[in-house]
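A short worksheet on the structure shown next.
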Amino acid sequence: MMWQALLLFSLLFFGDQFCSIYEKQSDGVLFELTKKKDTDAQWMKVQVCSDEIIRVIASPVKSFSTRPSLMADKTVWEPVNWSMKQLDDYIEISTAKLKVRVKQETGAVTFLDKNENIILQERSADGKVITPARVMDEDTYNIRQFFNSPEDEAFYGLGGHQNGIMNYKGHDVDMWQYNTIDIIPFLVSSRNYGILWDNNSRTKFGDIREYKSISSLKLYDKDGKEGGLTAEYFSDTEFKNLFTTRTESRIEHEFLDVNDKYPAGFSKNNGSIRWTGQIGSDVNGVHKFRFYVSSYVKMWIDGKLIVDSWKMNWLPWTHLPTIEMLPGEKHSIKIEWIPFEGYIGLKYLDPINEDTKNTISLYSEVADLIDYYFVHGSNIDEVIHGYREITGKTPMMPKWAMGLWQSREHYNTQDEILSVVKEFRDRKIPIDNIVQDWFYWKEDKWGEHEFEASRFPDPAGMIKKLHEKYNTHLMISVWPKFYVGTKNYDELNNKGLLYTQNVLKKQKDWVGPGYYSTFYDPYSTSAREIYWRQIDEKLFKLGVDAWWLDSTEPDIQSNLSLPELMNRVSPTALGTAARYLNTYSLMNSKAVYEGQRKSDPDKRVFILTRSAFAGQQRYASATWSGDVVARWSDLKIQISTGLNFSISGIPYWTSDIGGFGVEKRYEDQEPEHIEEWRELNTRWFQFAVFCPLLRSHGKYPYREIFNIAPEEHPAYKAMLAYDKLRYRLMPYIYSLSGMVTQNDYTIMRALVMDFGKDSRVYNINDQYMFGPALLVNPVTEFNAREREVYLPEGTGWYEFKTGKYFNGGQKVIADAPYSDIPVFIKEGSIIPCGPEIQYAAEKPDGIIRLFVYTGKDGSFNLYEDENVNYNYEKGKFSIIPFTYSEENKTLKIGKRLGSFNGMIESRKFEIVWITKTKSGALDFSMTPDEAVTFNGNEIHLKLK
């Protein structure tokens, strides 16, 4: 349709200033904007998706791209009642919940509630910036959207980032997939809205500039001479035997393909390096540094130790220190690094010259247009509901997935797997899932998906025994990687469904003598179908229960620069790797989810990936935080990583209990370090029990409880007790899982989700809610036997182990003996717990004990279904509602809603009342206050 033929339009003038033409359409308003600069938008549409979801699309030309969204699952929306009117200098769109005002002169959008309070506002001047660009030989656009933000606003989400930051206000986030980073471009505000940024490419929140070489700063050696830092190279790892000294104006040894040279003869494997001197700047203000490094490193600024880190040599990580500098000032710097064949780079940014204190922005490298959804709700749960309305609902995970997973890198034989599971059962340590990591195949057959017969003589029999004798499930690692010459490689290669650059460059991997390999292209429908068929024929038909999809960034070769990495996985079937950079795991998960649902429509899919992207939850995909290391600092960082990941809309997250990578001092089980190793694993396990998924995994030493410590050791006792607690809580946890699917709930909850009116929780990065009842406070320091806990205001709290009552809105010093981490229970909570069990589906008719924490009204719904199939999609599930009235001091067990095959018709409930004057632990040995038999009809129980 030609613009001139639009049914309704208005040509608006302010003096002689041409402003806009607009058309009311069935689902929104289309605008033609005045394009004053090449970077302005020309067409814009404000689409009304629902009463609280508004989509904004802004194009640099008079058309909108028809390129389909990968994240959005819902592209056709039900009609919504809305209206439009022209007011002064803006167009106003109204729904039942929102008002949206579009400035006629600039196209700037403002979102308001029904009382005309501003929720979110685009920056009025140059709010949308669409810059022509050429990326990977494609003519495209860089896009950037600016929003105003009040000073007291906090921001969360954006996926999982290993930076320890809870609130991203005032911080920068560079978003592209990495081993320990998960990208979900959904930004959630403390003001109860979210911005879903529909773009697949590299994206930045905040400062978009690229870090630059420190050679642009003023550098002085240790004697004060300008020109560079003093670099001392040592032939040992203890900084004693000096090999050579030179002056260096930069530290750039970051990548395989782009690197400065070391002095001739220096050994990166046996040596060490110390940089010393001073730095200064001609620019006044806060300078941001990016310190990217692996192996052992320490960094001092002005004599203060600001980095003390260890990472595996092949997996560097980023530290982001800042230094406020004035022209003429000098700041001392010292870096000590033991490379062990690792990587290091130090770069910086000058102070930003624009006032960004009350402005935020989102930027993407490759785009046809700006495309974002404004998602509003009365609370953050409703915001996440909106995210899942757009990107897809989360299916039910199998119930067994809520139990303990045991893994290691890796079980080498069939006998190892069976003997480990037998040991769990003999010791009565609850477990549900044993995980087979990589390398179960013959060394040169990566991608064949076949067990090596000499080590796994009867994989089908092994899986059958796991199922029938041990009531245990098997998850298996499957990579998107194929060795040249394997049958599966040849099939995909002959159809042009593999990336070719890694092979053409003759890149060998790290296995044995090194083998040539590449990854498949999941952006091709044909490739996804073949990939699944190959897995189905070799693994699924054996009885495998779940899929561990590793290396889904895709990490085709570690430690490549980003441009070279994109070159290795380009082109895709849909376009350049730059355009689709962050979506590989989404499409790979799609291959397995859709494939299994066709192969066996009744068996629930369960997928674990190392990467995530918006919408991935619809493919029954959970994510773990990648190859983090066994350090206390990494344990603490997992908390904020998991919380921001979860608030980004994907509900199932976990980490490697104890950390994947292990220092030699732990590997060798040195006597002076073994107790720290045991305590670290214990504290990590205690934290993980209150995560959506409970997964023990890592390199040697082995991570089974009985391999970490002997039976009489407090570490063994504590981990066993917490494992048993997890299984006691199974009715609560599986009900939370039901809430995820039925109500778009989030299990692992940043405090802002439940206590958004208490601004003191905005930056707390080491406390969270596990469901509606439990305030979890992990212990993240060696030998700590207490920790500070903030109890959010607006409610009272009961201490988990004693039942002691505390008022909210205060900090307390909570006991943290080796055996326990501090947990508090919110008043008004009803927690259903089951009997002691060894696997999740054991004793389905067991007595359920209801712990009722009085002081406020409360409710909880007990969800049950058939645990392993998709009959719940046909309505086959039940809910038993519990409601407590503080005024009447009465617990109501409501009438059962729904039914399913095998449902326990008659249940016994035991009631334990916890009050301010009658304290009591969440204790299963105590005599309950009363017991009732429930046959599906309503029961009222009075507090006595």
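The values are calculated or read from the model by the stated rules, or taken from the named source; none is laboratory data. Since we're looking at a predicted model, the values are computed, not measured. Here the Cβ is made from the backbone with ideal geometry for all residues, glycine too, and neighbour counts use every protein chain on show.
Scanning the range 362-398 for residues that are over 23 Å from V76 (Cα atoms) and of a type in the set (V, I, T) yields V366, I380.
So that you can scan it fast, the table gives a plain yes or no per residue for (1) of a type in the set (D, E, K, R); (2) part of a loop (DSSP other than H, G, I, E, B); (3) in contact with a Phe, Trp or Tyr (Cβ under 7 Å, 6 or more places away or on another chain):
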| residue | (1), (2), (3) |
| --- | --- |
| F782 | no, yes, yes |
| Y790 | no, no, no |
| P817 | no, yes, no |
| P832 | no, no, yes |
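Flag: Q686 does not match the condition of being more than 24 Å from V478 (Cα to Cα), of a type outside the set (V, I, T) and modelled with pLDDT under 95.
Among all positions in the range 355-368, there is at least one residue which is at pLDDT 95 or above and outside any strand (DSSP E or B).
When the residues of the range 257-272 are filtered to those that are more than 16 Å from E232 (Cβ to Cβ) and touching a residue at least 24 places away in the same chain (Cβ under 8 Å), the one that is surrounded by the most Cβ atoms within 10 Å (Cβ to Cβ) is D257. Taking the stated definitions as given, is F424 touching a residue at least 12 places away in the same chain (Cβ under 8 Å) and assigned to a helix (DSSP H, G or I)? Spelling it out, F424 is indeed touching a residue at least 12 places away in the same chain (Cβ under 8 Å) and assigned to a helix (DSSP H, G or I).
Inside the range 110-136, residues that are under 20 Å from E151 (Cα atoms) and of a type in the set (A, V, I, L, M) make up a count of 5.
One line per residue, one yes/no per condition, for (1) surrounded by 21 or more Cβ atoms within 10 Å (Cβ to Cβ); (2) under 18 Å from the mean Cα position of the chain (by Cα):
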residue	(1), (2)
M566	yes, no
L581	yes, yes
L586	yes, yes
S599	no, no
V605	yes, no
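Residues checked against (1) hydrophobic (A, V, I, L, M, F, W, C); (2) at pLDDT below 95; (3) closer than 22 Å to L187 by Cα:
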| residue | (1), (2), (3) |
| --- | --- |
| T39 | no, no, no |
| W43 | yes, no, no |
| E52 | no, no, yes |
| S65 | no, no, no |
| S69 | no, no, yes |
| I119 | yes, no, yes |
| A133 | yes, no, no |
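For S570, state whether it is assigned by TED's automatic domain parsing to the domain that holds L693, closer than 24 Å to F687 by Cβ and of a type outside the set (F, W, Y). Judged against the criteria, S570 is not a match. Looking for something touching a helix residue (DSSP H, G or I) at 6+ places or on another chain (Cβ under 7 Å) and either not polar (S, T, N, Q) or not assigned by TED's automatic domain parsing to the domain that holds V46 (or both) - is there at least one such residue anywhere in the range 123-144? Yes - at least one qualifying residue is present in the range 123-144. Does D371 fit the bill of being buried (at least 18 other Cβ atoms within 10 Å of the Cβ) and either outside any loop (DSSP other than H, G, I, E, B) or of a type in the set (D, E) (or both)? Answer is yes for this residue.
Scan the range 519-567 residue by residue and report those that are out of contact with any strand residue (DSSP E or B) (no Cβ under 7 Å at 6 or more places or on another chain), polar (S, T, N, Q), within 27 Å of Y211 (Cα to Cα) and not in a helix (DSSP H, G or I). Hits for the range 519-567 are Q557, S558, N559, S561. Among the residues making up the range 486-514, a single one is crowded, with 16+ Cβ neighbours inside 10 Å, without any contact (Cβ under 8 Å) to a residue 24 or more places away in the chain and β-branched (V, I, T): V503.
Taking the range 242-262 on its own, how many of its residues are more than 34 Å from the chain's Cα centre (by Cα) and either among the polar types (S, T, N, Q) or under 17 Å from E336 (Cβ atoms) (or both)?
Counting residues in the range 242-262 that are more than 34 Å from the chain's Cα centre (by Cα) and either among the polar types (S, T, N, Q) or under 17 Å from E336 (Cβ atoms) (or both) gives 9.
Does the range 697-708 contain any residue that is at negative phi, touching a residue at least 60 places away in the same chain (Cβ under 8 Å) and touching a His at 6+ places or on another chain (Cβ under 8 Å)? The answer is yes, given that some residue of the range 697-708 is at negative phi, touching a residue at least 60 places away in the same chain (Cβ under 8 Å) and touching a His at 6+ places or on another chain (Cβ under 8 Å). Any residue at all in the range 839-854 that's modelled with pLDDT of 95 or more, part of a loop (DSSP other than H, G, I, E, B) and closer than 25 Å to E799 by Cα? Yes, some residue in the range 839-854 is modelled with pLDDT of 95 or more, part of a loop (DSSP other than H, G, I, E, B) and closer than 25 Å to E799 by Cα. Number of residues in the range 719-751 that are within 17 Å of the chain's Cα centre (by Cα) and either touching a residue at least 60 places away in the same chain (Cβ under 8 Å) or not in a helix (DSSP H, G or I) (or both) equals 8. In the range 732-766, of all residues being in contact with a helix residue (DSSP H, G or I) (Cβ under 6 Å, 6 or more places away or on another chain) and among the polar types (S, T, N, Q), the one that is nearest to Y853 (Cα to Cα) corresponds to T746. Among residues of the range 814-851 being buried (at least 22 other Cβ atoms within 10 Å of the Cβ) and more than 30 Å from the chain's Cα centre (by Cα), the one that is farthest from K469 (Cα to Cα) is F851. Of all residues in the range 275-313, those satisfying the criterion of being within 25 Å of D634 (Cα to Cα), in contact (Cβ under 8 Å) with a residue 40 or more places away in the chain and outside any loop (DSSP other than H, G, I, E, B) are K288, F289, R290, F291, Y292, V293, S295, Y296, V297, S309, W310, K311.
Against the test of being closer than 20 Å to H713 by Cβ and touching a Lys or Arg at 6+ places or on another chain (Cβ under 8 Å), the options A620, A688, A630 yield a single qualifying residue, A688. Would you confirm whether or not the range 918-928 contains a residue that is farther than 19 Å from G834 by Cβ and not β-branched (V, I, T)? The answer is yes, given that some residue of the range 918-928 is farther than 19 Å from G834 by Cβ and not β-branched (V, I, T). For the range 650-693, filtered to residues that are of a type in the set (V, I, T) and outside any strand (DSSP E or B), the residue that is surrounded by the fewest Cβ atoms within 10 Å (Cβ to Cβ) is I674. The selection criterion, being at pLDDT 95 or above, over 23 Å from W310 (Cβ atoms) and loosely packed, with under 15 Cβ neighbours inside 10 Å, does not hold for R250. For the range 465-485, the candidate set comprises residues that are touching a strand residue (DSSP E or B) at 6+ places or on another chain (Cβ under 9 Å) and in a loop (DSSP other than H, G, I, E, B); within that set, the residue that is surrounded by the fewest Cβ atoms within 10 Å (Cβ to Cβ) is G485. If I ask for residues that are in a helix (DSSP H, G or I) and either at pLDDT below 95 or of a type in the set (A, V, I, L, M) (or both), which ones from the range 694-718 would you list? Selection gives I705, I708, A715, A718.
Per-residue answers, yes or no, for (1) without any contact (Cβ under 8 Å) to a residue 24 or more places away in the chain; (2) touching a Lys or Arg at 6+ places or on another chain (Cβ under 6 Å); (3) more than 14 Å from Y372 (Cα to Cα); (4) not hydroxyl-bearing (S, T, Y):
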{"position": "T75", "(1), (2), (3), (4)": "yes, no, no, no"}
{"position": "N117", "(1), (2), (3), (4)": "yes, no, yes, yes"}
{"position": "S124", "(1), (2), (3), (4)": "yes, no, yes, no"}
{"position": "E138", "(1), (2), (3), (4)": "no, no, yes, yes"}
